[in-house]
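Inspection log for the structure reproduced underneath, given as structure tokens.
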Amino acid sequence: DAEEYQPPIWKSYLYQLQQEAPRPKRIICPREVENRPKYYGREFHGIISREQADEILAGVEGAYILRESQRQPGCYTLALRFGNQTLNYRLFYDGKHFVGEKRFESIHDLVTDGLITLYIETKASEYISKMTTNPIYEHIGYATLLREKVSRRLSRTKNESRKASVMSEENTPVEKITSLVRRAALTQNDNHFNYEKAHNFKVHTFRGPHWCEYCANFMWGLIAQGVRCSDCGLNVHKQCSKYVPNDCQPDLKRIKRVYCCDLTTLVKAHNTQRPMVVDSCIREIEARGLKSEGLYRVSGFTEHIEDVKMAFDRDGDKADISASIYPDINIIAGALKLYFRDLPIPVITYDTYSKFIEAAKISNPDERLEAIHEVLMLLPAAHYETLRYLMIHLKKVTLHEKDNFMNAENLGIVFGPTLMRPPEDSTLATLNDMRYQKLIVQILIENEDVLF
């Protein structure tokens, strides 16, 4: 079980190389340099040639100076001694110093990171090129055997939510498990709705030594050593991130809100088939609002809709949206529409938008229906399931048309621009496509039993 878990043996070869890398040695200019930029120190030697820089740095590995270009006054160069030769890099400053992607607070840090990178890439270029060929990722963490071991340990917890218990337990053996293995356990144990989700990798600076959870190799450098998934916390080299499968299991601790959160991220974090906002609002509307005149067309008070939004962001599925708190059902309907409008990727995704519009333009009804069905199959699983559930609900709304005066066409007008938006933010494109957006939703409602 979890107590028996042994962490992987991290591959320390690159860490040892980083320790061996030359240390930066600042060569101070012996004279006072006029017009020295205020963000450079006494390592600035003014306008000198490459040959002069080479003489100053000769024989001192890791030595560096800054100089102003003879050919391009106002342009600055970092001259660095490495591998018995002087390397020259165009130097930039925008509040931080940089020669490439990474930005540094000081020239010293820039040179330190550069020497580490140069040394490791010189000594281990072939090793680095092969790092991703035999990853530990397939053997630990997400591996079936280990996953089952940890799952058996977690399955003995008796809290209402197993996922919550893993995250809230303190001073227990479970807390000793790496984040990778914890996510694996949750994937096996709790995630019945196994929607595929790509990791949301962002460049990250690790404080202290850190190893890649894909290849087990050290993540070298001073800053921006690798990337971290902001949804689940997986830490990997930038080059390794290209090989990580789309198996992100978001951690609830990292999901700060419900509205404006990616749909698949939300359902995987909460382990639900659909966003809980959709289920809660539709359940409330069907319980007391199906006969409400102008349902979804009549707006509730904006400030009350914002209150519902904040309640979901704060309390998740525990949010109270009952009649005792919000007697006007239009507030709940407005909160549901706002949820769809706030999605960073609409329910009908940007990738499928143009295909839906083209399908709507087909004049033959049977061919059009077939084309729409084919595009529906391209939606991510969580988006498809959410759309399916919503269309079943909206079909129920149309069955009470004599009371609420909302037929499929009216609902199409309301939900067309709510569920689908053109990839490019173009007012003209939106206006041109509005009738097709309406038609798509209308067809989805009228044919939900066939299309889904």
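Considering segment 360-411 at the alpha-carbon level, its Rg and Dmax are found to be 13.4, 36 Å. Binning the alpha carbon pair distances of segment 10-127 at 10 angstrom intervals from zero yields the distribution 13, 44, 31, 9, 2, 0, expressed in whole percent. Relative contact order of the chain, taken over Cα pairs closer than 8 Å and 6 or more residues apart, is 11 percent. Normalised per residue, the accessible area of segment 1-118 is 58 Å², obtained with a 1.4 Å probe and no contribution from ligands, DNA or RNA. The peptide list 277-289, 196-208, put in order of mean Cβ contacts within 10 Å with the highest first, becomes 277-289, 196-208. Over all pairs of different C-alpha atoms, segment 199-253 has a mean inverse distance whose reciprocal, the Kirkwood radius, equals 11.2 Å.
Normalised Debye scattering of segment 396-452 at q = 0.21, 0.23 Å⁻¹ gives log10 I(q)/I(0) of -0.77, -0.86, counting only Cα atoms as equal scatterers and leaving out solvent.
Filter Lys197/Lys395; Lys96/Lys268; Lys11/Lys253; Lys130/Lys197 down to the pairs with a C-alpha to C-alpha distance above 32 Å, please. As for pairs spanning more than 32 Å Cα to Cα, those are Lys96/Lys268.
Each semi-axis of the equivalent ellipsoid for the chain is √(5λ) with λ an eigenvalue of the Cα gyration tensor; in descending order they amount to 54, 30, 20 Å.
With bins 10 Å wide starting at 0, give me the P(r) of segment 247-305 over every alpha carbon pair, in whole percents. Pairs per bin, as whole percents: 19, 39, 28, 13, 1.
Per residue, the solvent-accessible area of segment 199-253 (1.4 Å probe, heavy atoms of protein chains only, all protein chains present) comes to 39 Å². Among the protein heavy atoms of the chain, carbon and sulfur supply 48% of the accessible surface, probe 1.4 Å, non-protein parts ignored. Sorting 28-37, 82-91, 237-246 by their mean Cβ neighbour count within 10 Å, with the most densely packed peptide first, gives 237-246, 82-91, 28-37. With a Förster radius of 35 Å applied to the C-beta separation of Arg314 and Ala198, the computed FRET efficiency comes to 0.80.
Here the contact order of segment 10-127, divided by its residue count and restricted to Cα pairs under 8 Å and six or more residues apart, works out to 24 percent. Note on Leu295: accessible area is roughly 0 Å² with a 1.4 Å probe, heavy atoms of protein only.
Add -39500 (n - 2.57) for each DSSP H run of 4 or more in the chain, then divide by its residues: what number comes out at 222 nm, to the nearest 500 deg cm²/dmol? Using -39500 (n - 2.57) per qualifying helix, the result is -13500 deg cm²/dmol. Among beta bridges identified by DSSP and lying wholly in the chain, the antiparallel ones come to about 75 percent. A Stokes-Einstein calculation at 37 °C with viscosity 0.692 mPa s, built on the Kirkwood radius of segment 247-402 over Cα pairs, returns a diffusion coefficient of 196 µm²/s.
The values are calculated or read from the model by the stated rules, or taken from the named source; none is laboratory data. Treat the numbers as computed from the prediction; the structure is a model and nothing was measured. Positions of Cβ are backbone-derived with ideal geometry, glycine not excepted, and every protein chain shown enters the neighbour counts. Accessible surface is based on the protein model in full, side chains and every heavy atom, while ligands, DNA and RNA are left aside. Shrake-Rupley method; radii C 1.70, N 1.55, O 1.52, S 1.80 Å.
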